[in-house]
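The values are calculated or read from the model by the stated rules, or taken from the named source; none is laboratory data. Just so it is clear, the model here is predicted, and its values are computed rather than measured. Because the Cβ atoms are built from the backbone with ideal geometry, glycine has one as well, and the counts that use them run over all protein chains shown.
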């Protein structure tokens, strides 16, 4: 009467409110899915390739004038040029975007409108003569 495969240590370990879960039994690191392991291996391969490329440039007997760290170049590109794939719209970013887009327009609209209304009121009262009157 086999009841199936034995449970892993992470599944057998019961959480205790007085003691935190050890890192070895953390399901996020211990029982990772194949996709997660594959993605982690891919990231490690990219890091190793970039590190090897940098080490080859660094240990070159006739090095170039500037040795570029490819990982740093990729990070700077991702930080400055490629922001949209990692952008998360939040209420704060939505408000700031609207403020920066509409703020100057509304400011100049009200400034010019107030100036125009002030001049029109002076024209109506006769205190100011129109400089370019057609009639």
Looking at the structure I just gave you, is residue 37 more than 30 Å from residue 16 (Cβ to Cβ) and part of a helix (DSSP H, G or I)?
no
Across (1) at pLDDT 85 or above; (2) surrounded by 12 or more Cβ atoms within 10 Å (Cβ to Cβ), residue 35 clears everything bar (2)
Within the stretch 77-116, which residues are surrounded by 10 or more Cβ atoms within 10 Å (Cβ to Cβ) and not in a helix (DSSP H, G or I)?
82
Among the numbered conditions (1) more than 30 Å from residue 7 (Cα to Cα); (2) surrounded by 11 or more Cβ atoms within 10 Å (Cβ to Cβ); (3) free of Cβ contacts under 8 Å to residues at least 24 places away in the same chain; (4) within 24 Å of the chain's Cα centre (by Cα), tell me where residue 74 comes up short.
(3)
